[in-house]
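The values are calculated or read from the model by the stated rules, or taken from the named source; none is laboratory data. Because the structure is predicted, anything quoted here is derived from the model rather than measured. Every residue, glycine as well, gets a Cβ built from its backbone with ideal geometry; the counts of neighbours run over all protein chains shown. These accessible areas exclude ligands, DNA and RNA; they are computed on the full protein's heavy atoms, side chains included. Shrake-Rupley method; radii C 1.70, N 1.55, O 1.52, S 1.80 Å.
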Amino acid sequence: MGRRFFVGGNWKLNGSRQFITEITKDLNAAEIPQEGDVVVAPPSVYLSDVIQKIRPEIKVSAQNIYNESKGAFTGEISPDMLKDIGVEWVILGHSERRGIFLESDDLIGKKVAAAHKAGLHVIACVGEQLSERESGKTLEIVSGQLKSISSFVGDWNRTVIAYEPVWAIGTGKVATPAQAQEVHAQLREWLSQNVSADVAQKTRIIYGGSVNAQNCNELAKLQDVDGFLVGGASLKSAEFSSIILSGKQKNQLILSRL
């Protein structure tokens, strides 16, 4: 059986209570394929609002955590606190956390461990800068990031890997289908060689980087692309719904191969 298609919406630093009322109303009426998973990640101050208003088939994710459960860490949120209010997922290692907030591979790994210990599911992000791609270092960079993450993973069944080429995030640029498939296949091969063939086969590797309604169907056809982590397009309910439905095409392809 194929891997369940996964679509995550990362709202980043966007939204308001009015926006949440409107978008949850739209998503509650949208078609959600039974064979897939849909997750939305609002800013932390709106997590409880979204949990209360969103349909149960759509899960809620935080955008970050700290790797301690409690203590003198002003401004931070612990994984246990998220579990306490009903959050099931967390995004970790996003390029904006790495680049703007200078989070190291080691800190991201510790956050992954803390999230799994608390029972959260993790969307763990990897991706290269444009200069790294142009110098032929893509595999070196993403495999190094994945190595750091994998050493801290407590449960691969609760882990999704998101490949997000940094040069394609919010730029309107997108990796070509061939580029996306190449890196996803390399990440899966890395898992097979360094973790296990079973983990490589079962772990979902999703693509993020200017995914929209126009390119999602072509990307969804790729063998090693198991879904998407969507940024700006996830703020538009109609477009996000279209991206969610690209999973139906993927499932039809999987069935045709059986």
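General observations
- Taking first residues from the stretch 126-153 that are more than 15 Å from Gln193 (Cβ to Cβ) and partners that are aromatic (Phe, Trp, Tyr) and in a helix (DSSP H, G or I), the Cβ contacts under 7 Å between residues at least 6 apart in sequence or on separate chains come to Gln129/Trp167; Leu130/Trp167; Arg133/Trp167.
- Scan of the stretch 94-108 for residues that are within 20 Å of Asn10 (Cα to Cα) and more than 10 Å from the chain's Cα centre (by Cα), ordered by number: Ser95, Glu96, Arg97, Arg98, Gly99, Ile100, Phe101, Leu102, Glu103, Ile108
- The numbered conditions (1) more than 19 Å from Lys12 (Cβ to Cβ); (2) buried (at least 22 other Cβ atoms within 10 Å of the Cβ); (3) touching a Ser or Thr at 6+ places or on another chain (Cβ under 6 Å); (4) not small (Gly, Ala, Ser) are all true for Val122 except (1).
- For the stretch 180-193, a tally of residues being surrounded by 18 or more Cβ atoms within 10 Å (Cβ to Cβ) and either of a type in the set (A, V, I, L, M) or not in a helix (DSSP H, G or I) (or both) returns 4.
- Extreme residue, most open to solvent (accessible area, probe 1.4 Å), among residues of the stretch 133-173 that are of a type in the set (Asp, Glu) and in a loop (DSSP other than H, G, I, E, B): Asp155
So that you can scan it fast, the table gives a plain yes or no per residue for (1) among the β-branched types (Val, Ile, Thr); (2) touching a Gly at 6+ places or on another chain (Cβ under 9 Å); (3) open to solvent by 20 Å² or more (accessible area, probe 1.4 Å); (4) under 25 Å from Ile20 (Cα atoms):
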{"position": "Ala175", "(1), (2), (3), (4)": "no, yes, no, no"}
{"position": "Ala178", "(1), (2), (3), (4)": "no, no, yes, no"}
{"position": "Val195", "(1), (2), (3), (4)": "yes, no, yes, no"}
{"position": "Leu222", "(1), (2), (3), (4)": "no, no, yes, no"}
{"position": "Phe228", "(1), (2), (3), (4)": "no, yes, no, yes"}
{"position": "Ala238", "(1), (2), (3), (4)": "no, no, yes, yes"}
{"position": "Ser246", "(1), (2), (3), (4)": "no, yes, no, yes"}
{"position": "Lys250", "(1), (2), (3), (4)": "no, yes, no, no"}
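- Failed item in (1) surrounded by fewer than 23 Cβ atoms within 10 Å (Cβ to Cβ); (2) in a helix (DSSP H, G or I), with Val112 passing the rest: (1)
- Among the residues of the stretch 219-253, those identified as part of a helix (DSSP H, G or I), charged (D, E, K, R) and at pLDDT below 95 are Lys248, Lys250.
- Close Cβ contacts (under 6 Å, 6 or more residues apart or on different chains) running from residues in the stretch 180-194 that are within 15 Å of Thr138 (Cβ to Cβ) to residues that are open to solvent by 40 Å² or more (accessible area, probe 1.4 Å) and in a helix (DSSP H, G or I) comprise Gln186/Leu139.
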